[in-house]
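Asker: Below is one structure. I have some questions about it.
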Amino acid sequence: MASFNFFFLLYLLLIPTSSCYVQPPENYFISGVISNKGLDFAKDLLIEKVLLYHVWKVEGMQVGLTLNLRNQEGTLKLSLLDHGCYVGDVSIKLDGGAAWLYQLLVDAFEGNIASSVEEAISEKITEGISNLDNFLQTLPNQISLDKTAALNVSFVGNPVLTNSSIAIAINGLFTRTSEILVPQSYKKGYEVSSACGGLPKMIKVSIHENVFKSASLVYFNAGKMQLIIDELPDQALLNTAEWRLIIPQLYKRYPNDDMQINISVSSPPVIQVTYQGIGATVSVDITIDVLQGGEVIPVACISVDVSASCAVEISGNNIAGRLTLQEFSAYLKWSKIGKLHIRLIQSLISSVLKTVVLPYLNLQLKRGLPLPIIDGFGFQNTVILYNHPWISVCSDVWFIEEDYYLIQHSTYLS
């Protein structure tokens, strides 16, 4: 997904929560929720790895912020409404020959020093919020996945705040790479829930089945759901001689000619998230082509309706899947070589589906869909939940590159 900077989390931590529940808009298809456990983890990390790393010892310091975070044409706009800083005691100890003299001066001007610290921190707050807002404006509304498809990652509505979680929502649908996104207005609708089946997880990312359906539609309309098989582990199967007992008229008309199998999806695959998992129904046309004298001759077409289940897994920071064949049915769509006995070639169709088609599709699914995760963090102890029409990834997170993060992001605080 887009590079979600750690300070994206920082501004979330600074937003005052409310006991009033706000419903998000209805036209979102991917949502992310940070629970209390996640907020506590982030606060501890922020203090340990960032603030203490940059701020010298100040006791009794209090900082107050009032921020406004709103959706502005698909991006987030952050504004600082009010802020203040109070410093209790400043601890400065000097050593050396004349340190006692300088210590007297330091003690005498302790109040002025504290006031200067307050002003300096207030300036840094203003500067930091401005930098963070600038960063938010650079987040893209669309991320290209390949030459065909892009993911619409524009924010939908305002962040949803409760006294136990913070949630954001994005459109999340696949579009053609060349498609220009137009900001839309949204109505209020579904609720965002942070529940993870009673498990205490830091974050929850939910994906609507419409995300998968949109991917199916985009790739189908782009003509990308086609596979030509001209090589097999047993290459002899792609010669009419091997089919002489199953389809004798094929061998009689084209003796000892090489073949290829052209598999194309005839309609957008139907994908549905149930309470047990993900199911997919795919209709494909399997065309038998004979290769003769440099010419490709289509001789017959068999339509096959395939039902498959999809096991979802997390691969790195991507959500990936693996298809398993459940059942299929086949019928003859057309033939130039006479009537075919489908029952005789069903075992061959099953073999092609299991050894060629599904492995090919699983190779594509293995790449996965990038999940919204903060830059520099990774998922761990992940649990997959199904709740029609949503699939949810409940997970804890861990800090991947501590030293790299401190180097890259120290400029925000310096």
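The values are calculated or read from the model by the stated rules, or taken from the named source; none is laboratory data. Since we're looking at a predicted model, the values are computed, not measured. Glycine gets a Cβ as well: all are built from the backbone with ideal geometry, and neighbour counts include every protein chain shown. Surface areas here come from the heavy atoms of the whole protein model, side chains and all, with no ligands, DNA or RNA. Shrake-Rupley method; radii C 1.70, N 1.55, O 1.52, S 1.80 Å.
Asker: Give me the net charge for the shell around Asn256: Cβ to Cβ below 11 angstrom, other residues only, Lys and Arg +1, Asp and Glu -1.
Answerer: -2
Asker: On to the next question. Working from the pairwise distances between different alpha carbons, so that the mean of 1/r is found and then inverted, what is the stretch 225-370's Kirkwood radius in Å?
Answerer: Evaluated over the stretch 225-370, this radius sits at 16.5 Å.
Asker: Next question, about the same structure. Say the cut-off is 23 Å between C-alpha atoms; which of Lys252/Lys333; Lys147/Lys204; Lys224/Lys354 go over it?
Answerer: Lys147/Lys204
Asker: Nearest 0.05, what FRET efficiency do Leu227 and Gln276 give at R0 = 30 Å with Cβ-Cβ as r?
Answerer: E between Leu227 and Gln276, to the nearest 0.05, is 0.55.
Asker: Within the set of other residues whose C-beta is less than 15 Å from the C-beta of Pro298, count the net charge using Lys and Arg as +1 and Asp and Glu as -1.
Answerer: Taking every Cβ under 15 Å from that of Pro298, the sum is -3.
Asker: What ranking, highest mean first, results for peptides 323-336, 252-265 when packing means the other Cβ atoms within 10 Å averaged over each residue?
Answerer: The peptides rank, most packed first, as 252-265, 323-336.
Asker: Next question. Net charge near Ile314, counting Lys/Arg +1 and Asp/Glu -1 over other residues with Cβ under 14 Å of its Cβ?
Answerer: After counting each charged neighbour, the total is +3.
Asker: Please list 3J(HN,Hα) in residue order for the stretch 73-78, calculated via the Karplus relation 6.51 cos²θ - 1.76 cosθ + 1.60 where θ = phi - 60°; whole Hz, with x for glycine and proline.
Answerer: So the Karplus estimates, Gly and Pro as x, are 6, x, 10, 9, 10, 10 Hz.
Asker: In whole Hz, with x marking every Gly and Pro, tabulate ³J(HN,Hα) for the stretch 268-285 from phi via Karplus 6.51 cos²θ - 1.76 cosθ + 1.60, θ = phi - 60°.
Answerer: These are the phi-based 3J(HN,Hα) values: x, x, 9, 10, 9, 8, 9, 7, 10, x, 10, x, 9, 10, 10, 9, 10, 9 Hz.
Asker: Taking only protein heavy atoms into account and a 1.4 Å probe, give the accessible area per residue of the stretch 225-370 in Å².
Answerer: On a per-residue basis, the stretch 225-370 sits at 54 Å².
Asker: Right, something else. Roughly speaking, to the nearest percent, how much of the stretch 225-370's 1.4 Å accessible area is carbon and sulfur?
Answerer: 52 percent
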